[in-house]
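Shown below is the structure under consideration.
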Amino acid sequence: MVDLVLSNCASGVTLTNCDRDGVAVNVTNTLYMAENTNGTATMTIQPDWAPTNVPPELIHWEILNLDNSPAANWSCQKDAYSNGIAAVAWTNTGASVTRQFKVRAWYDCDRDNHFYPGGLEPARIAYVTVLKVESIEPDPMTYLMEIDDGDGDPKTRVFVVPISSDYPAEAVHVRAKILPNLTESQVPSGFGLIGGNGSERLSRTVERSSESESGKTVFTFFCGNVDSGLKTTVYVYDAKIGLYADGQIDPVGHSWAKIMMDYDSKQLISPIYQNYLTEIGFFPTNTAPWLGEDGILAGTSVPGDVRLDNAAFGSHFATGQKEYPIWFIPLRNALPQIHQMKTNPPDYNLFDFNCTDFAIMLGQLVGINTMDPAGISTPQAYASWLNSN
Ligand SMILES: [Ca+2]
Ligand SMILES: [Ca+2]
């Protein structure tokens, strides 16, 4: 191929082409790339010249500002080309703007000494638009909120929203806001959101209609193979409190609670407080006397004991129960208080603050009001209340 072209030049066949006023290049596409990345984007340039089979080693490219000065903050390089098609790589260290560049090309007609530019003007204009991803965030909706993810990085964000018992449940709509403000169809191929349901580049959804749809979904935005650096995580949480009472009289009744959360959302809770996402019950300490003047049955306050997991209910089983969905923020605020009561328990008083009062209070801590705790609260009354409300 090389020899063929050289012989053509030598024979003068291509001299007319070489001599013509400018070698045009066709730059057909606006090139997009991510903001402030060190990555590259490629642009394919088709030289519009004859002969068509100019060998690659004879082709030269030049990228300039419109005033012919070198393009500051940008660099380009010939990456690969053959048969007159060049891929130009651009490296962006600039801001989020649309830049115009001149792309011009020429080729050597004679390898021996005579550098014959096939025209330096006019050059075609290439548009390079730096695409900035401003945010990835869900549309506002009831009970959806952003929480501090604690990493000090504004590019990473966390939102929480509960599962919904509505039918149909409103899905979470997550959108990417970008500059320039392109429409869905204008966003170049290979650019767009990753994560969630759907194939649109600027918006995705997360379903939340059932317990099985609880969990986390991570959204990122890629500009070609460049990660925009933004990461938004949506947790659809399934948080509940179960309130239980064993209303049997013999030998003695008991009331307790259970706080539940799906596995992914649980990871948003400090490990020390995750211990309280379980059954929680309240008892007098084992050494407290039941009988006598100083005994529990006489209404004396004795040291209390908060017990977790199976110890929260022991051999009791619920004759009355009810589960309630709870919201993230009240739950997160309640857990340190529960931890405080576990490590420094309140006194137990059969008449004023017994296991049933404690279970009622746990509900209140996470925003659930059940039976009125005034007066002597019994497991029997609570079991009945939970079954009938
Ligand atoms: Ca963050
Ligand atoms: Ca009470």
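Here, each number is a calculation from the coordinates, and none is a lab measurement. Given the structure is predicted, the values throughout are model-derived calculations rather than measurements. Quick reminder, even Gly has a Cβ in these numbers, built from the backbone with ideal geometry, and neighbours come from all protein chains shown.
A quick yes/no check of all residues on (1) among the aromatic types (Phe, Trp, Tyr); (2) closer than 15 Å to ALA245 by Cβ:
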residue: GLY295; (1), (2): no, no
residue: ALA311; (1), (2): no, no
residue: GLY314; (1), (2): no, yes
residue: PHE317; (1), (2): yes, yes
residue: PRO325; (1), (2): no, no
residue: ASN333; (1), (2): no, no
residue: LYS342; (1), (2): no, no
residue: ASP372; (1), (2): no, yes
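Looking at the stretch 194-216, I want the residues that are closer than 9 Å to ASP238 by Cα and have a partner that is part of a helix (DSSP H, G or I) with Cβ atoms under 9 Å, at least 6 apart or on another chain. Which pairs are those?
Pairs that qualify, where the first residue is closer than 9 Å to ASP238 by Cα and the partner is part of a helix (DSSP H, G or I), are SER214/TYR263; SER214/ASP264; SER214/SER265; GLY215/TYR263; GLY215/ASP264; GLY215/SER265.
If I ask for residues that are within 14 Å of the chain's Cα centre (by Cα), surrounded by 14 or more Cβ atoms within 10 Å (Cβ to Cβ) and farther than 14 Å from TYR235 by Cα, which ones from the stretch 135-176 would you list?
SER135, ILE136, ARG175, ALA176 - these are the residues of the stretch 135-176 that are within 14 Å of the chain's Cα centre (by Cα), surrounded by 14 or more Cβ atoms within 10 Å (Cβ to Cβ) and farther than 14 Å from TYR235 by Cα.
Mind listing whichever residues of the stretch 231-260 are surrounded by fewer than 21 Cβ atoms within 10 Å (Cβ to Cβ) and of a type in the set (A, V, I, L, M, F, W, C)?
Answer for the stretch 231-260, where residues must be surrounded by fewer than 21 Cβ atoms within 10 Å (Cβ to Cβ) and of a type in the set (A, V, I, L, M, F, W, C): ILE249, VAL252, MET260.
Give the residue that is nearest to ligand 2 (Cβ to nearest atom), with candidates limited to residues of the stretch 145-174 that are farther than 25 Å from PHE222 by Cα and in a loop (DSSP other than H, G, I, E, B).
Filtering first and then ranking leaves SER165.
Next question, about the same structure. Are any residues in the stretch 322-344 within 25 Å of GLN248 (Cβ to Cβ) and crowded, with 17+ Cβ neighbours inside 10 Å, and if so, which ones? Show your work before the answer.
Narrowing the stretch 322-344 to residues within 25 Å of GLN248 (Cβ to Cβ): 322-324.
Correct list: LYS322 only.
Residue by residue, here is whether (1) within 16 Å of ligand 1 (Cβ to nearest atom); (2) in contact with a His (Cβ under 6 Å, 6 or more places away or on another chain); (3) at positive phi holds:
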residue	(1), (2), (3)
ILE147	yes, no, no
TYR167	no, no, no
VAL172	no, no, no
GLY192	no, no, yes
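Can you tell me which residue within the stretch 341-387, out of those that are within 13 Å of ligand 2 (Cβ to nearest atom) and among the hydroxyl-bearing types (Ser, Thr, Tyr), is nearest to PRO330 (Cα to Cα)?
So the residue we want is THR370.
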